[in-house]
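Inspection log for the structure reproduced underneath, given as structure tokens.
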Amino acid sequence: MARRDIQLDEEGRLRHFLTIEGLDQPLLTEILDKAEGFIGVSQQAIKKVPLCRGKIITNLFFETSTRTRTTFELAAKRLSADVLSLNISTSATTKGETLLDTLRNLEAMHCDMFVVRHADSGAAHFIAQHSAPHVSVINAGDGRHAHPTQAMLDMLTIRRIKGEFVKLRVAIVGDILNSRVARSQIHALNTLGTSEVRVIAPYTLLPAESRSLGVHVYHDLQEGIRDVDVVIMLRLQRERMRGAMLPSEHEYFQLYGLTEQRLRAAKPDVIVMHPGPINRGVEMDSQVADGPRSVILQQVSHGIAVRMAVMSMCIGTQNARIARREASVSGLNP
Amino acid sequence: MGPDEIRAFIEAMASDLAKYLARAGVEKPIMVGIRTGGVWLAERLHGLLELEEPLGTLDISFYRDDFTRIGLNPEVHPSNLPVPVGDRHIILVDDVLHTGRTIRAALNEIFDYGRPTSVVLAALVERSGHELPIQADVVAIRPDLEAGEHITLTGPEPLGLVIGRASNRVSREHEQQAGKT
């Protein structure tokens, strides 16, 4: 028998959210549908729903982040959860406490969910394996591996503007090699049935296995964005680059920077996305970033809804598990 | 029960509701239907009463009190209240009033959008089995049902009422999650 995906419970419901890999199309669609429901919450005078009252959600950020951490925090607060945000560099780990000891202590404080960002690939998975059974773990970015909530907010943005994935041609441009966002996006786009996924990058910024990811590889920006519906620009991950992968940022912009002029090769109603933070003048021109085709700020708003969806699904699964166990215990001892 | 009978019940409900609103001195009310059956019913009542304000729809999934037992409803739709509800009269419409828990959730959700002047509850069916002190103001049908029986509005076109029997607790919870009680 195949080993069960750690992300799912016995009934196939989402318990942890660590990576897009292994999740099927109905589950990804369910996340998007739930997120649509949560978008409506921002229209309420009181922008909160009572779903996660009494739950404690802890942000464990071992790597800096502004957008992701604040949108996770806001999402948790809109679900009425209590939120702890730990900045690990100033916490007990600098005094020599191990990661597992930190986790045990947080569990003793009855935390129900960890939102984890870490520079090492596999960190969120490790924490999920070593956490108490009532705790859910959400990956907010691990090394070069995955950033599944970012991918899902991008999918929500694409679906809300463009509709069905089966009709779409999507290009991802830039630092594919170092990008956990790109990896998660490619898995999500393919699972959702996107007609064509392209990656556009210099040889030095492409992983060796990129073709096996189910994408079409281009090295020329102009050629690669021809007739695409969606262009996703990636940030140059300078902090993850070792050695000389690029001659200079200026030269990168000359070859791979997105400008209004270059964008003319794409479909007239193309949308331009970027996970942020943008290096203006490196990945794209300000004219494009602030232009009518840019949906970058919509992505940020959708991030809150997607994170609310994923968090409430995981906590709901844990609730159901605990209720089932209590029911079976009381059934044994009537 | 077939579509013609139900149409007659809904027409009677509309005229009762009009009388109720006139007696209470309610002007320019906002009608809000609770998904899914309540919306089907509200669409018809809204037309019959020729209300000025557009119809609102409420999905109470995020306000259910059984989230801690069964998790999130698999089908969630956005709520849509096109007119601000603060300082307005609301007509809340649902298909079947049973335990009262759906209405409790709906009231909580409405109050997160604003503070209405009043809320009137109209239900096609009010049955036994209340678990909260909530009654409907306007009702068309009060069936005599036993504890294990349930009544469901089917639709959207044509509307029908089906009486069935839940075999055990588990299937009843599944059904509650799919529809509402």
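The values are calculated or read from the model by the stated rules, or taken from the named source; none is laboratory data. In this text, all values refer to a predicted model and were calculated from it rather than measured experimentally. Cβ coordinates were reconstructed from backbone atoms using ideal geometry, including for glycine residues, and neighbour counts include every protein chain displayed. Areas reflect the complete protein model, heavy atoms only, side chains present, ligands, DNA and RNA absent. Shrake-Rupley method; radii C 1.70, N 1.55, O 1.52, S 1.80 Å.
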Quiz prompt | Restricting region B:1-46 to GluC sites (Glu not before Pro) in coil, as DSSP defines it, with at most 12 other Cβ within 10 Å | solution = B:GLU27
Exercise. Give me a single rounded figure for B:72-82: the average over its residues of other chain Cβ atoms within 10 Å of their Cβ.
Key: 6
Quiz item: Got a sec to turn the phi values of region A:198-213 into Karplus ³J(HN,Hα) couplings, 6.51 cos²θ - 1.76 cosθ + 1.60 with θ = phi - 60°, whole Hz, x for Gly and Pro?
Solution: 10, 10, 10, 6, x, 3, 6, 10, 10, x, 4, 9, 4, 5, 6, 6
Quiz item: In the full protein assembly as shown, how much of B:LYS28 is accessible to a 1.4 Å probe, in Å² to the nearest 10?
Solution: 110 Å²
Quiz item: Per residue and in Å³, how big is the convex hull formed by the alpha-carbon atoms of region B:1-110?
Solution: 119 Å³
Quiz item: Hey, in the GNM for chain A with a 10 angstrom Cα cutoff, which one of A:ALA123, A:ALA132, A:ALA309 fluctuates hardest?
Solution: A:ALA132
Quiz item: Working out 0.36 nm times the residue gap between A:LYS167 and A:ILE6, then minus their Cα-Cα distance, what length gain in nm do you get to one decimal?
Solution: 54.7 nm
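Please average, across the residues of A:35-44, the number of beta carbons from any other chain that are within 10 Å of each residue's own beta carbon, and give a whole number.
Counting other chains' Cβ atoms within 10 Å and averaging over A:35-44 gives 5.
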Exercise. Specify the inter-centroid distance of region A:31-65 and region A:283-334, based on alpha-carbon positions, in whole Å.
Key: 7 Å
Quiz prompt | Interface residues in region B:86-120 - accessible area drops by 40 Å² or more relative to the isolated chain, probe 1.4 Å | solution = B:ASP112, B:TYR113
Quiz item: Of the residues A:VAL41, A:VAL197, A:VAL116, which exhibits the maximal mean-square fluctuation in a Gaussian network model of chain A defined by a 10 Å Cα contact cut-off?
Solution: A:VAL41
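Under the rule of -39500 (n - 2.57) per DSSP H run of 4 or more residues, summed and divided by the residues of chain A, what mean residue ellipticity at 222 nm is obtained, to the nearest 500 deg cm²/dmol?
Estimated from H runs of four or more residues: -12000 deg cm²/dmol.
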Quiz item: What are the semi-axes of the equivalent ellipsoid for region A:221-334, taken as the square roots of 5 times the Cα gyration tensor eigenvalues, largest first, in whole Å?
Solution: 45, 18, 12
Quiz prompt | Gaussian network model of chain A, Cα within-10 Å springs - most flexible of A:VAL300, A:VAL49, A:VAL170 | solution = A:VAL49
Exercise. With a cut-off of 19 Å, note down the residues of region B:1-19 whose backbone N falls inside the zone around a label point 7 Å from the Cα of B:VAL162 toward its beta carbon.
Key: B:1-7
Quiz prompt | Averaged over A:65-77, number of beta-carbon atoms from partner chains that fall within 10 Å | solution = 0
Quiz prompt | Per residue, in Å², the accessible surface of region A:148-298 once ligands and nucleic acids are set aside, probe 1.4 Å | solution = 40 Å²
Quiz item: How many lysine pairs in the protein assembly as shown, separated by 8 or more positions in sequence or lying on different chains, have Cα atoms less than 24 Å apart?
Solution: 15
Practice problem: Using only Cα atoms, locate the centre of region A:152-175 and the centre of region B:131-148, then give the distance between them in Å, rounded to an integer. | Solution: 47 Å
Quiz item: Taking Cα pairs under 8 Å and at least six residues apart, what relative contact order does chain B come out at, in percent?
Solution: 23 percent
Quiz item: How big is region A:148-298 by the Kirkwood estimate over distinct Cα pairs, in Å?
Solution: 15.1 Å
Practice problem: Just the number, please: carbon plus sulfur as a percent of the accessible area of region A:148-298, 1.4 Å probe, no ligands or DNA/RNA counted. | Solution: 48 percent
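In percent, how large is the relative contact order of region A:148-298, given Cα pairs closer than 8 Å and 6 or more residues apart?
Reported relative contact order: 24 percent.
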Practice problem: Could you look at region B:1-69 and say what percent of its accessible area is carbon and sulfur, using a 1.4 Å probe and all protein chains? | Solution: 49 percent
Quiz item: Distance in nm between label sites at A:ARG211 and A:GLN25, each 7 Å beyond Cα in the beta-carbon direction?
Solution: 2.6 nm
Quiz item: Given a cut-off of 36 Å, what percent of all Cα-Cα pairs of the protein assembly as shown lie beyond it?
Solution: 42 percent
Exercise. Could you order A:GLU107, A:GLU10, A:GLU209 by accessible surface area, starting with the largest, using a probe radius of 1.4 Å?
Key: A:GLU10, A:GLU209, A:GLU107
Practice problem: Find the sum over both chains of the accessible area lost when B and A are paired, probe 1.4 Å, and report it in Å² to the nearest 100. | Solution: 1700 Å²
Quiz prompt | Pair-distance profile P(r), taking every C-alpha pair of region A:264-308, with 5 angstrom steps and integer % | solution = 5, 20, 27, 23, 16, 7, 2, 0
Practice problem: Consider a paramagnetic label point 7 Å from the Cα of B:ASP144 along Cα→Cβ; state which residues of region B:111-138 have an amide N under 17 Å from it. | Solution: B:126-129
